[in-house]
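Colleague: Here it is, the structure, as structure tokens.
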Amino acid sequence: MAASAQGETGLVMAKGTNDAAAPRRGRPRSIETTNAILESAYALMATTGLAATTIDAVARHSNVSKMTIYKWWPSREALLIDAFLHHAAQMLPLPPVSAGTPAARARRHAAAYAEALQGEFGKVQLAVISECISKTGSAELFYARYLQFRRDALVEMIATGQRDGSIQAEGPAEDLYDAIYGSLFYRYVFGIAPITPAYARNLVDLVLRPKG
């Protein structure tokens, strides 16, 4: 797994414990057990749907006790989001500095995201967001556990390009990020037009106006 993916997986484990009402004592988490739970939850979401992805089902699929799952995640929604994040960290790792200029890295990531939306990843993402909204009345939990970390990292990447002059677009980097990824998600949700990696790369160039 790439270093960026490892960082996100570590974030899953950290947030899974920090969201609890009070510190939990006992043995530290086993990485193998954690991965088994997260991978089982995502596999069930992708194959049987969210309604069938219960704590009982995840426990059976991963051969882990329900008590262990409840000890490590404060809610079913938190588990589903962390399972999605765990998969996203492997499927869509944040682009490393070695991948080129900020604009080149943005093209690469946006293209990969556009491609991922066309498969089970897109369906699971939309289902998890919908589940959060239906259970809590907002997507705040999804943002806090999943989107914020990735958004902040990509916003900083865009800001770096603005500072070094390789990205000529003006305005807050946050708005530029939202223009790219908001457009991709909007088109996907409403099926306005096909989303392709080529479209995503062109969108990045249109929004960021890379130099050269």
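Colleague: Going by what's in this entry, would A46 be described as touching a His at 6+ places or on another chain (Cβ under 9 Å) and among the hydrophobic types (A, V, I, L, M, F, W, C)?
Modeller: So A46 passes the test.
Colleague: While we're on this one: Residue by residue through region 49-73, note down the ones that are surrounded by 17 or more Cβ atoms within 10 Å (Cβ to Cβ) and part of a loop (DSSP other than H, G, I, E, B).
Modeller: L50, T53, V64, W73
Colleague: Based on this model, can you work out whether A89 counts as part of a helix (DSSP H, G or I), out of contact with any Asp or Glu (no Cβ under 7 Å at 6 or more places or on another chain) and either at negative phi or not assigned by TED's automatic domain parsing to the domain that holds E140 (or both)?
Modeller: no
Colleague: Next question. Please work out which residue is surrounded by the most Cβ atoms within 10 Å (Cβ to Cβ), limiting yourself to region 87-100 and to residues that are within 24 Å of N35 (Cβ to Cβ) and without any contact (Cβ under 8 Å) to a residue 40 or more places away in the chain.
Modeller: Checked region 87-100; the qualifying residue surrounded by the most Cβ atoms within 10 Å (Cβ to Cβ) is L92.
Colleague: Inside region 92-123, can you point out the residues that are small (G, A, S), modelled with pLDDT of 90 or more, farther than 22 Å from V189 by Cα and assigned to a helix (DSSP H, G or I)?
Modeller: The answer is A103, A104.
Colleague: Okay, next question. Considering S62, S75, which residue is modelled with pLDDT under 90 and of a type in the set (S, T, N, Q)?
Modeller: Just one listed residue meets the conditions, S75.
Colleague: For region 128-212, please list each of the helices (runs of 4 or more DSSP H) lying entirely inside it that holds at least 3 residues being without any contact (Cβ under 8 Å) to a residue 40 or more places away in the chain, touching a helix residue (DSSP H, G or I) at 6+ places or on another chain (Cβ under 6 Å) and surrounded by 17 or more Cβ atoms within 10 Å (Cβ to Cβ).
Modeller: The qualifying helices (runs of 4 or more DSSP H) are 173-190.
Colleague: Quick one: count up the residues across region 101-122 that are free of Cβ contacts under 8 Å to residues at least 60 places away in the same chain and touching a helix residue (DSSP H, G or I) at 6+ places or on another chain (Cβ under 8 Å).
Modeller: Adding up the residues that qualify gives 5.
The values are calculated or read from the model by the stated rules, or taken from the named source; none is laboratory data. Small disclaimer: the values here were computed from a predicted structure and weren't measured. With ideal geometry, Cβ positions are generated from the backbone for all residues, glycine too; neighbour counts draw on all protein chains shown.
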